Amino acid sequence: MSEKIHKVPDDFATLAHLRQADYQRLYQESIRDPNGFWARIGRRLDWIQPYTKIKDTSFDEHDFRIRWFYDGKLNVAANCLDRHLLKRGDKTAIIWEGDDPRLSEHISYRQLHERVCQCANALKSLGVGPGDRVTIYLPMIPEAAVAMLACARIGAVHSVVFGGFSADSLAGRIADCGSSVVITADEGLRGGRRIALKENVDEALKASGTQCVKHVLVTRRLGSNVSMQKGRDRWFEDLLQGQSKECPAAAMDAESPLFILYTSGSTGQPKGVLHTSGGYLVFVAMTHELVFDLREDDIFWCTADVGWVTGHSYVLYGPLANGATTVMFEGVPSYPDAGRFWQIVDKHAVTLFYTAPTAIRALMREGEEPVKQWSRRSLRLLGSVGEPINPEAWEWYHRVVGDGRCPVVDTWWQTETGGILISPLPGAIDQKPGSATLPFFGVQPAIVDNEGNMLDGVAEGNLVLIDSWPGQMRTVFGDHARFVETYFRTFPGKYFTGDGAKRDADGYYWITGRVDDVLNVAGHRLGTAEIESALVAHPKVAEAAVVGCPHDVKGQGIYVYVTLNLGETPSEELRTELRNRVRQEIGAIATPDFIQWAPSLPKTRSGKIMRRILRKIAANEHDQLGDISTLADPGVVDSLIRERLNGSD
Ligand code: WTA
């Protein structure tokens, strides 16, 4: 743990929404009287029917429930658009910056409102109504925001699938939630490379289980020549044209589903994390305002793709609920060159900038020159999300990107948590590089040992949350038992995050990373089980085990052990084939970094693979294997180490 402390800058603290004493006072209140606290905060939204009931939650398996603001009614899209029209109709809601640096667009709240209404009417004309699922498979273009908000406006539930996922992954996600409509683009563009989105959709819709899809809407991003299936496929623009620019916002229950977002867990296929309307929007709006210390004239840029939760909460819903200007970037940090982020910061006078450690580390490698070419004068705060940030990257971000004057907020949260749970509030909490610091209002983290005993004071162990917060996921779509089982059974009565953490003498939290079988590769969550199942589907593979290994830029790399069927011989061609198979089944983000041939895998006598040992071998920490006496055949370990040292890859 780095012991360096960065104090809240004086000029920042004076103007900030909250100062140190405010944090302590409000935090205490939020824990002592959650109903009173959230009743007040919830009023920041427009309610069609005001709530009188606030918190009704229990993590006890036999009496399980999570409801917030539960007798209220609201519309999320109206909160993100309509209520700003009077004061902010001409204010820019979205600044879109294209992959090609010459392209950008400003969309005002009024224009966005019109486009969302037209899209909502178009969806209605296809028979989409409240509770129906719509899969959105789009690049980072304004149509993604329009489609998401249009669903919210009519009470449909969107499921955004990241454009980098393969046709197979898309098919699984469409089938799981039974979408009747898919919204996509002809092609996407990232870093100058085209992505065949419509083609992937066509392939996905050939898979079994995707017959639920009745309509495919295709937006023209590149004007490419794609095949359109009669009766099923329509051009998005054609369908929107002629639709009315007014569409009443449906009055939705606070607890009605807003979206499903698939995310990887320790076991099985990705699960559909379900978020609801009222609590989610209150929570993302409040965290967005306070963690980023938002002001009316800020230009907020979160670099995440809308395919991830960070894009949902902090590209779209949080900023728009707050009437802010949000930047949506289609491209990548390295195109056309390593100065792209800072060129965009200058071009749009970005004031608040939020990105992932993997991007910071990749840019750090390019040196200071590409940063210094741009003034970055407009920046006043920097944020980090998605994975632990190492202190060196934190310091570089602070010193080089922020010229030493911008606070850095390291925000810890998850798809499941909806919004930020642990983070500095920039005017109130001193920062320590590498620590996400202290909990947000209403959030009660705790550290437990493997037996579930609560640890006090300075401690290290499993990170849990002992009570609910409004932005919490409500269920796994279609499988409530899996929800309870996954998150509330390991440590009964507590929400288990899957992360490890340390707490220091100041009560600061330091997230150490996943303690389960989830990988975090360049800020993307991947399940080892998904990758393994893609590999064992290959006819030559008998068994596969996937673990994370340290990676300088990506944080974690993907390390694979493969045991071939008897009689098969390892070869470079086979290695390439296996890599391609994973790309094909999941997507390029899941491509293995290393494949090691393993004559056999270390297993306990009951046949369980000992991943702990495989992780150590992958990390070249052969001297720290720990107890291997419970292995069925301890000799396996020596042969794996030998193979590793021979440079199997
Ligand atoms: C990790 C992304 C350390 C963590 C919002 C968590 C972090 C997983 C941080 C969730 C952080 C996220 N410091 N680790 N500031 N932020 N993580 O669901 O392991 O894509 O459990 O949500 O990312 O990833 P997800």
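Data overview
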quantity: Filter pass, Asp456 being more than 15 Å from the ligand (Cβ to nearest atom), touching a Leu at 6+ places or on another chain (Cβ under 9 Å) and open to solvent by 10 Å² or more (accessible area, probe 1.4 Å); calculated: no
quantity: So Cys177, is it at pLDDT 95 or above and surrounded by 24 or more Cβ atoms within 10 Å (Cβ to Cβ); calculated: no
quantity: Where a residue in region 456-468 is part of a strand (DSSP E or B) and its partner, wherever it lies, is of a type in the set (Asp, Glu), with Cβ under 8 Å and at least six apart; calculated: Gly461/Asp449; Asn462/Asp449; Asn462/Asp499; Leu463/Asp499
quantity: Among (1) more than 20 Å from Arg190 (Cβ to Cβ); (2) among the acidic types (Asp, Glu); (3) more than 10 Å from the ligand (Cβ to nearest atom), the one test that Asp410 misses; calculated: (3)
quantity: Region 248-304, residues that are under 21 Å from the mean Cα position of the chain (by Cα) and among the basic types (Lys, Arg); calculated: Lys271
quantity: Residue count for region 368-385, restricted to those that are under 28 Å from the mean Cα position of the chain (by Cα), more than 16 Å from the ligand (Cβ to nearest atom) and not charged (D, E, K, R); calculated: 4
quantity: Residue match in region 408-415 (condition: at pLDDT 95 or above and more than 20 Å from Ala522 (Cβ to Cβ)); calculated: yes
quantity: Strands (runs of 3 or more DSSP E) contained entirely in region 209-308, each with at least 2 residues that are within 28 Å of Asp176 (Cα to Cα); calculated: 215-219, 233-235, 257-263, 271-276
quantity: Condition met for Gly442 (more than 16 Å from the ligand (Cβ to nearest atom), open to solvent by less than 10 Å² (accessible area, probe 1.4 Å), within 30 Å of Gln373 (Cβ to Cβ) and assigned by the TED database to the domain that holds Arg65); calculated: no
quantity: Exclusive hit being small (Gly, Ala, Ser) and either at pLDDT below 95 or open to solvent by 10 Å² or more (accessible area, probe 1.4 Å) (or both), set Gly311, Gly307, Gly242; calculated: Gly242
quantity: Any hit, region 302-317, residues being of a type outside the set (Asp, Glu) and more than 16 Å from the ligand (Cβ to nearest atom); calculated: no
quantity: Test: residue in region 573-586 that is touching a strand residue (DSSP E or B) at 6+ places or on another chain (Cβ under 6 Å) and open to solvent by 50 Å² or more (accessible area, probe 1.4 Å); calculated: no
quantity: Strands (runs of 3 or more DSSP E) wholly inside region 480-593 containing at least 3 residues that are at pLDDT 95 or above, more than 16 Å from the ligand (Cβ to nearest atom) and among the β-branched types (Val, Ile, Thr); calculated: 555-564
quantity: Given (1) buried (at least 17 other Cβ atoms within 10 Å of the Cβ); (2) under 17 Å from Tyr280 (Cβ atoms), index of the condition Leu112 fails; calculated: (2)
quantity: Search result, residues across region 188-237 that are under 13 Å from Pro139 (Cα atoms), out of contact with any Phe, Trp or Tyr (no Cβ under 8 Å at 6 or more places or on another chain) and of a type in the set (Gly, Ala, Ser); calculated: Gly188, Ala196
quantity: Any hit, region 208-217, residues being open to solvent by less than 10 Å² (accessible area, probe 1.4 Å) and not polar (S, T, N, Q); calculated: yes
quantity: Segments classed as helices (runs of 4 or more DSSP H), wholly inside region 14-90, with at least 1 members that are over 20 Å from Thr276 (Cα atoms) and of a type in the set (Lys, Arg); calculated: 20-32, 85-88
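The values are calculated or read from the model by the stated rules, or taken from the named source; none is laboratory data. Being a predicted model, the structure only gives us computed values, none of them experimental. Note that each Cβ is placed from the backbone with ideal geometry, even for glycine, and that neighbours are counted across all protein chains shown. Please note that ligands, DNA and RNA were not included when accessible areas were found on the heavy atoms of the full protein model with its side chains. Shrake-Rupley method; radii C 1.70, N 1.55, O 1.52, S 1.80 Å.
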